[in-house]
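This report concerns only the one structure given below.
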Amino acid sequence: MTTKNTAKQPISTVKTTRRGILTALTAFFIWGAFPLYFKQLAAYDPFEIIGHRIIWTFIFLLIILIVTKRWQWIKTLKQNPKWILYSFLSGLIIATNWLTYVWAVNSDRILEASLGYFIGPLVGVALSMILFKERLRTLQWVAIGFALLSVAIQVVMIGSLPWISLVLAISFSTYGTIQRQTPLTTVDALFVETAMLVPICVWWFWQAGVVSSQLSFWFTSNIWLLMLAGPITLIPLLLFNKSTKLVAYSILSFMNYLTPTFIFFLAVFYYHEPFDLHRLAVFGLIWFGLLLFSIDLWRHRPSKMLKLVNSH
C-alpha cells in the first residue's frame, strides 16, 4: 500500500472525484456492518474490546510501515511538533467514538448509534461553518434546525438526552475535521494516533482484572476474534481518511447517511430493537432534514456533479 505525501489543499479547493466517492462508499458500507461483528464480542468488557482494537490496529499498521519502509512521518512531526499533541487528541477522539459505539451495540441500543450517525452529516456542516467560515444556505440552516428539533423531541417525549447519538455525531465529525488538516498521510496519522494510545491500553489491561489481563489469554484460540478488530477497524478508517482528500467536505458529510441507514435496518429488522411512534418522530425529522440537505446540494452543485460523472 502506498500513499502520496502531497501538500495539503485548502478545504475549499478539494475536488470531488469518482475514485473518492467509491472509496468513501466502501468505508461507509463496512462501518454499517460493524454491529454484526461487535455483537460476537458481547461477552467482553467494552474497554477491553477497544484496547484490542487499538493494539491490533497499531500492530497491523506497524507491519505496513516496516514492509513499505515508511518513516517520513518522523521528519514531518519534527517539522510540525504541534501535531504530536494534535495526534494524541485525535486518537482520544476516535477512541471515544469506538468505545461509545461498541457499548451501544452490546447494550442493545443500536438505534441510538444509528441516530448519531444520521445527525453526523449535519454536525459536519455546522463544523464547516464554524471552523472553515463556510456560509450556509437557507436549506442547510433548516436541515440543522430539524436535527436540533429531533434532539429536543427525544428529550421531551422519551425523557432522556440522546447522549450516545450526540457523542457519536460530534466525535466522528470532529475526527474527520482534524484529519483534513494533518500534515501526515493517512497511514502515518493513524499509526501515530494508535501508537500514543497503546501504552494507555497496556496499563489498563494490567490493572483492570479482565480476561485479557492474563498473559496466557493472548496465546489461546479465543484471541483470534479480538485480533480481527485490528484489520476490521483499520480498513474502513483508512478508506475514509483517504476519501477526505478526494471528496468535498460537504458532500462527504452528507454521504454519512449510508452507514446509519444500514445500522438502522440491522437494529429494527435483524436485532428487533423497539421502534415506536416517538422514535419514528425523532428519526423522521432527521430524515427530512437530510432530504432538504440533499436537495440543496443537488441545486447548488451542478458543475461538481457533472465533473463527478465524467471524472476518471
Accessible solvent surface per residue of segment 32-134, calculated while the other protein chains remain in place, 1.4 angstrom probe, Å² | 43 Å²
Sorted largest first, extent of the chain alpha carbons per principal axis (Å) | 57, 47, 32
How far, in nm, would the chain grow between LEU148 and LYS82 when pulled straight, counting 0.36 nm per residue and subtracting the alpha carbon separation?
-> 20.3 nm
Simple spin-label model, 7 Å along Cα-to-Cβ: ALA43 to MET227 in nm?
-> 1.8 nm
Per residue, how much accessible area does segment 154-260 have with a 1.4 Å probe, in Å²?
-> 39 Å²
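Find the relative contact order for the chain and round it to a whole percent, using C-alpha pairs within less than 8 Å whose residues are 6+ positions apart.
Details: 374 pairs, mean separation 129.0, N = 312.
Relative CO of the chain lands at 41 percent.
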Phi-based couplings in Hz for segment 107-115 (Karplus 6.51, -1.76, 1.60; Gly and Pro marked x) = 10, 6, 10, 5, 4, 5, 5, 4, 4
All-pairs alpha carbon distance profile, segment 1-148, 5 Å steps from 0, percent = 2, 7, 10, 15, 18, 19, 15, 10, 4, 1, 0
Cα-only Rg/Rh for segment 72-180 with Kirkwood Rh rounds to 1.06
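Per-residue counts of other Cβ atoms within 10 Å, averaged by peptide: what ranking do you get for 212-224, 41-53, highest first? All intermediate terms of the calculation are to be shown ahead of the outcome.
Numbers: 212-224: 11.6, 41-53: 20.5.
Packing order, densest peptide first, comes out as 41-53, 212-224.
If you roll a 1.4 Å probe over the chain with all protein chains in place, what percent of the accessible area is carbon or sulfur?
On the way: 10410 of 14970 Å².
Carbon and sulfur: 70 percent of the exposed surface of the chain.
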On full extension of the chain, what length is gained from ALA195 through HIS272, given 0.36 nm per residue of separation minus the C-alpha to C-alpha distance?
-> 23.9 nm
Computed curve, segment 229-285, Cα-only Debye sum without solvent term, log₁₀ I(q)/I(0) at 0.13, 0.26 Å⁻¹, is -0.52, -1.03
Give me the distance in nm between label points sitting 7 Å out from Cα along the Cα-to-Cβ direction at LEU291 and THR68, one decimal.
-> 4.3 nm
Near LYS78, which aspartates and glutamates are there with a Cα under 15 Å away, not counting those fewer than 8 places off in the same chain?
-> ASP188
Of the peptides 132-145, 19-32, 111-124, how do they stack up when ordered by the mean number of other Cβ atoms within 10 Å, highest first?
-> 111-124, 19-32, 132-145
By the mean-Cβ-within-10 Å protection proxy, highest first, 92-100, 270-278 rank as 92-100, 270-278
In whole Å, largest first, the alpha carbons of segment 165-279 cover along the principal axes 46, 45, 23
Spread of Cα-to-Cα distances over 5 Å intervals beginning at zero, given as percent, for segment 147-208 | 3, 14, 14, 14, 14, 13, 10, 13, 5, 0
What pairs in LYS39/LYS82; LYS15/LYS133; LYS39/LYS245; LYS39/LYS69; LYS15/LYS69 have C-alpha atoms more than 28 Å from each other?
-> LYS39/LYS82; LYS39/LYS245; LYS39/LYS69; LYS15/LYS69
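The values are calculated or read from the model by the stated rules, or taken from the named source; none is laboratory data. Given the structure is predicted, the values throughout are model-derived calculations rather than measurements. With ideal geometry, Cβ positions are generated from the backbone for all residues, glycine too; neighbour counts draw on all protein chains shown. Side chains included, ligands, DNA and RNA excluded: accessible areas come from the protein's heavy atoms. Shrake-Rupley method; radii C 1.70, N 1.55, O 1.52, S 1.80 Å.
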